[in-house]
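For reference, the structure discussed in these notes is given below.
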Amino acid sequence: MIRKYSFGEHFDTEAVVVPVAEGEVLPLFSTRQTPEGLILHCKLAPEDIVYGLGETVGPINKRGHKYISYNVDNPHHREDTVSLYASHNFLVIDGEKTWGFFLDTPARVIFDVGAADPDVLRIRCTGGVTVYAIDGAGAYDVVRQFLSVIGRSYLPPRWAFGFGQSRWGYKTERDIRKVVDGYRDRGLPLEYVCMDIDYMDRFIDFTVNKRRFPDLPGFVAELKTRGIRLVPIVDAGIKIEPGNPVYDEGVEKGYFCVDKDGKPYGAAVWPGMTHFPDFLRSDVREWFGSQYKFYTDQGLEGFWNDMNEPAIFYTEDTKGCRKDALEGEDDEFQKDTNICAYKRFYHRPNGQMLVHHDVHNLFGYGMTRSSGEGLSRLMDKRYLLFSRSSYIGAHRYGGIWTGDNGSCWEHLKMNVRQMPSLNMCGFLFSGADTGGFGGNTSRELLLRWLAFSAFTPLMRDHSALLTRKQECYRFSGTEDFRRILTLRYRLLPYLYSEFMKAALEQDMLIKPLAFVFPEDPAVRTIEDQLMVGESVMIAPLTDKGRLTRKVYLPEDMTKVFYTGGEFVCTPAKKGTQTVRAELDEVVFFIRKGHAMPVGKPCLCTAELDMTALALLGDGESYELYDDDGFTKDCGREHIRLLRRE
Ligand code: GLC
């Protein structure tokens, strides 16, 4: 059952889309209003697990850590980092009883999940908040109830599940052609190539550098004949440049965030000084979303929204403001100088004047909603969209990637643990920069990361300027990469089907084992194995130099050993066993009585033969969701039963 409890006024986030009744007294927590905001306080029992919080660092069980919901551009995050690119204020306390809480507020929230005192959960909301409290029969049930009120996940086209290659540094048509040839000449699967900021004219949104891309529509059409799509980046800020029609219209119609005197606020990002569209206003969202016509007119169908925390490199008015702006803030905030700027510009929804700082966490959500709604109007098929910054609600319009990570084993492990937490908050279509964005990857790290990402809906290899080149064909032993990329395509019928079913049923795709086997105490602390869809359990190898690992099976399962590019299935007994996988091999498991479809090897989804599927596992049949991959008309009528021959 879900009830809501209001504490003060706040801007309506529209995260919850289903009416929820008001409750009388907030369960579990004691509450106290203080000058610093509302404090919620509760005791944690020793065995309680705290799930949730979506895109954050650390284990699936959030206990022992402090988190701050305040979206920030932090490419150097580590194990002790408190804020990342997103704010997902939903958590579940799972012990003798289970309760879920969603702290719906656009302002900053500080979660001390047993960091100061191991037995205390203390939450401070710095602005008005509506608390949704959910009780249910276990953590999974609570999560499903939550997912049922925040609206259905965004539905990407089938090609969005293909493998994408990206790098900050591809400048010209020639650079991209080299990447495409690099993959195709070696028979390596590839679905799309991302175009980072250099495709634009001086990093200005809704422009193309004509010298670098003399005929973009022609190039888009040519690549499509090879089964490959292009995915351009779009940044949040619009460059201040009179004469640019988007800029001119934005200024004339008053669509940008303003300073205290009502003048458009300037902040420097990639193109130099920019203004930020006021994404809290529906008229501005409609206007900005309509600009994507510039791209859809050229045949583009996939997009990548960035810098939408919003990231700011500097502003003219915040030099020296640091000290007073930060007064009274948490210590951690000393590091985020953008807060000075965030206190100096305003949104004007419905005739109000709201300081950005108080509604900060909604900016990326607004951008995603704007472009998602725009693309829905502009396109007669489904679009690919993923964004960096988000708040719960954004999952209805697009996916997310987890921002700038690093090429290190710790961040691969973090990716594994983030996936179920993201799913609990509605973000089914997600994934990380595979291989790591910052720093230099290694062949081994990239292969192991690809082997994990082969099970995440968004699978993209992306790296930063000036780092080691990270395309799969840059490394020796191409065959190893071919096998892992091919695995992704062979799993795709299952992944696509499971994703669509989970999205349509407002369920999770990737879950902790404890959600599926709640009666088995041994799985409660397992964080390095995950359930992917109804039938599959994965146990990724995430340690440098290690070919083996221990896996716990909560029941008898079918062990699938993907070796030599083929699936070798054997029965495996409940309990712990050691598995071994070379860099071109992957081990995963299929639940007892379940079957999973796999396809034939192919280079892209256009070549994927959905009529030639084999069933792995000991189950007799599988319910396959399958449509044309584009239709907006998605529903249960696309599900059919596959039976073993
Ligand atoms: C940001 C993005 C990254 C991108 C870079 C250049 O750091 O997170 O993915 O490559 O900007 O656009």
Checklist entry - Given the structure, is residue 25 without any contact (Cβ under 8 Å) to a residue 40 or more places away in the chain and not in a strand (DSSP E or B)? => result yes
Next on the checklist: As an exercise: evaluate residue 581 against (1) crowded, with 19+ Cβ neighbours inside 10 Å; (2) under 26 Å from residue 621 (Cβ atoms) and give the number of the one condition it does not meet.
Outcome noted: (2)
Next on the checklist: Take residue 52 and tell me if it is in contact with a Cys (Cβ under 8 Å, 6 or more places away or on another chain), more than 16 Å from the ligand (Cβ to nearest atom), at pLDDT 95 or above and closer than 29 Å to residue 403 by Cα.
Outcome noted: yes
Checklist entry - Of the residues in the stretch 432-442, how many are crowded, with 24+ Cβ neighbours inside 10 Å and either of a type outside the set (S, T, N, Q) or away from the ligand (no atom under 16 Å from the Cβ) (or both)? => result 5
Item to check | Residue pairs meeting the criteria (Cβ under 8 Å; at least 6 apart or on separate chains; first in a helix (DSSP H, G or I), in the stretch 400-429; second acidic (Asp, Glu) and within 16 Å of the ligand (Cβ to nearest atom)) | outcome: 418/55; 421/55; 422/55
Checklist outcome for this item: Across the stretch 516-566, the tally of residues that are in a loop (DSSP other than H, G, I, E, B) and within 27 Å of the chain's Cα centre (by Cα) stands at 17
Item to check | Criterion: touching an Asp or Glu at 6+ places or on another chain (Cβ under 8 Å), of a type in the set (A, V, I, L, M, F, W, C) and surrounded by 18 or more Cβ atoms within 10 Å (Cβ to Cβ) - qualifying residue of 179, 193 | outcome: 179
Item to check | Filtered residues of the stretch 369-392 (kept if surrounded by fewer than 22 Cβ atoms within 10 Å (Cβ to Cβ) and in a loop (DSSP other than H, G, I, E, B)) | outcome: 379, 380, 381
Item to check | Which listed residue, of 468, 460, is within 16 Å of the ligand (Cβ to nearest atom), surrounded by 23 or more Cβ atoms within 10 Å (Cβ to Cβ) and either modelled with pLDDT of 95 or more or of a type in the set (D, E, K, R) (or both) | outcome: 460
Next on the checklist: Among the numbered criteria (1) within 16 Å of the ligand (Cβ to nearest atom); (2) more than 25 Å from residue 18 (Cα to Cα); (3) touching a Ser or Thr at 6+ places or on another chain (Cβ under 9 Å), which one does residue 70 miss?
Outcome noted: (1)
Next on the checklist: Checking the condition hydrophobic (A, V, I, L, M, F, W, C), in contact (Cβ under 8 Å) with a residue 12 or more places away in the chain, away from the ligand (no atom under 16 Å from the Cβ) and in contact with a helix residue (DSSP H, G or I) (Cβ under 6 Å, 6 or more places away or on another chain), which residue from 450, 445, 491, 487 passes?
Outcome noted: 450
Next on the checklist: Show the residue pairs meeting these rules: Cβ distance below 9 Å; 6+ apart or different chains; first residue within the stretch 354-378 and more than 28 Å from residue 293 (Cβ to Cβ); second residue among the basic types (Lys, Arg) and surrounded by 24 or more Cβ atoms within 10 Å (Cβ to Cβ).
Outcome noted: 357/108; 358/108; 360/108; 361/108
Checklist outcome for this item: Within the stretch 368-419, the count of residues that are within 15 Å of the ligand (Cβ to nearest atom), more than 25 Å from residue 448 (Cα to Cα) and aliphatic (A, V, I, L, M) comes to 1
Item to check | Within the stretch 136-178, considering residues that are of a type in the set (Phe, Trp, Tyr) and over 20 Å from residue 607 (Cβ atoms), the one nearest to the chain's Cα centre (by Cα) | outcome: 154
Checklist entry - Can you pull out the residues in the stretch 2-22 that are surrounded by 11 or more Cβ atoms within 10 Å (Cβ to Cβ) and either polar (S, T, N, Q) or in a loop (DSSP other than H, G, I, E, B) (or both)? => result 6, 8, 10, 11, 12, 13, 14, 15, 16, 17, 20
Checklist entry - Looking at (1) away from the ligand (no atom under 14 Å from the Cβ); (2) part of a helix (DSSP H, G or I), can you tell me which one residue 364 breaks? => result (1)
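The values are calculated or read from the model by the stated rules, or taken from the named source; none is laboratory data. Here the structure is a predicted model, which is why all the values come from computation and not from measurement. Every residue, glycine as well, gets a Cβ built from its backbone with ideal geometry; the counts of neighbours run over all protein chains shown.
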